[in-house]
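The values are calculated or read from the model by the stated rules, or taken from the named source; none is laboratory data. Only a predicted model underlies this, so the values are computations on that prediction, with no experimental measurement involved. Quick reminder, even Gly has a Cβ in these numbers, built from the backbone with ideal geometry, and neighbours come from all protein chains shown.
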Amino acid sequence: MLLANGSYNFIQTKNTVFGVGIGYGRTDINLNITPDVGNAIVYDGQQPFGFLNLHMSSNYQKFLYGFALNGISATFSGVEVDYSDFKVDLGYRFIDKAFKMDLVGGYRLVNFAVDIENGQDIVKASVALQGPFLGLNFIY
């Protein structure tokens, strides 16, 4: 799964950011189901989707905390996509100039479900990923 987003911060003070954004996601799907009775269902491709983003982050001295919510539910061309993403994080800001760099860690829960109609055949798949994460943020 590939996720990318851009956002606009409605509130941006020295210590707090609150904003909304939009994003692009893409997942690779490779299904090959051959039942004993009936038609085989084969789907091998990429499923793009867009999503909405709401985020908040704040800091106390060089320590950071925040959350982000992403989600969308859409149907197009016989494909229904449901996506939600919840994240809480803590971090430490190493560089605090015009260019900022943070070390962040936290917990993330990602849910992705896709329903594909192919003629009379319907394929439903869902994935839930959750757990801790560690990474870097670069802000300009």
Fill in the blank from the handout: In segment 121-134, anything surrounded by 10 or more Cβ atoms within 10 Å (Cβ to Cβ) and closer than 10 Å to Arg108 by Cβ is listed as Leu129, Gln130, Phe133
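Going by the conditions given, is Ser58 modelled with pLDDT of 85 or more and in a strand (DSSP E or B)? Please lay out each step first, then the result.
Working: modelled with pLDDT of 85 or more: yes; in a strand (DSSP E or B): yes.
Yes: the conditions hold for Ser58.
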Problem - Criterion: in contact with an Asp or Glu (Cβ under 8 Å, 6 or more places away or on another chain) and among the small types (Gly, Ala, Ser) - qualifying residue of Gly131, Gly91 - result: Gly91
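Would you say Ile22 is among the β-branched types (Val, Ile, Thr), farther than 21 Å from Val88 by Cβ and either at pLDDT 80 or above or touching a Leu at 6+ places or on another chain (Cβ under 6 Å) (or both)? Even if it seems obvious, please write down each step before you answer.
Numbers: among the β-branched types (Val, Ile, Thr): yes; farther than 21 Å from Val88 by Cβ: yes; either at pLDDT 80 or above or touching a Leu at 6+ places or on another chain (Cβ under 6 Å) (or both): yes.
When the stated conditions are applied, Ile22 passes them.
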Practice task
Taking Asp96 as the residue in question, decide whether it is at pLDDT 80 or above, surrounded by fewer than 15 Cβ atoms within 10 Å (Cβ to Cβ) and among the charged types (D, E, K, R).
Solution key: yes
Exercise for the section: Quickly run through segment 102-120 and pick out the residues that are exposed (fewer than 15 other Cβ atoms within 10 Å of the Cβ) and part of a strand (DSSP E or B). Expected result: Leu103, Gly105, Tyr107, Leu109, Glu117, Asn118
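If you scan segment 66-76, which residues turn out to be out of contact with any Ser or Thr (no Cβ under 6 Å at 6 or more places or on another chain) and surrounded by 13 or more Cβ atoms within 10 Å (Cβ to Cβ)?
Kept after step one, since they are out of contact with any Ser or Thr (no Cβ under 6 Å at 6 or more places or on another chain), are these residues of segment 66-76: 67-70, 72-76.
Answer for segment 66-76, where residues must be out of contact with any Ser or Thr (no Cβ under 6 Å at 6 or more places or on another chain) and surrounded by 13 or more Cβ atoms within 10 Å (Cβ to Cβ): Phe67, Ala68, Leu69, Asn70, Ile72.
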Problem - Any chance Val88 is of a type in the set (Val, Ile, Thr), exposed (fewer than 14 other Cβ atoms within 10 Å of the Cβ), under 17 Å from Gly135 (Cα atoms) and out of contact with any helix residue (DSSP H, G or I) (no Cβ under 9 Å at 6 or more places or on another chain) - result: yes
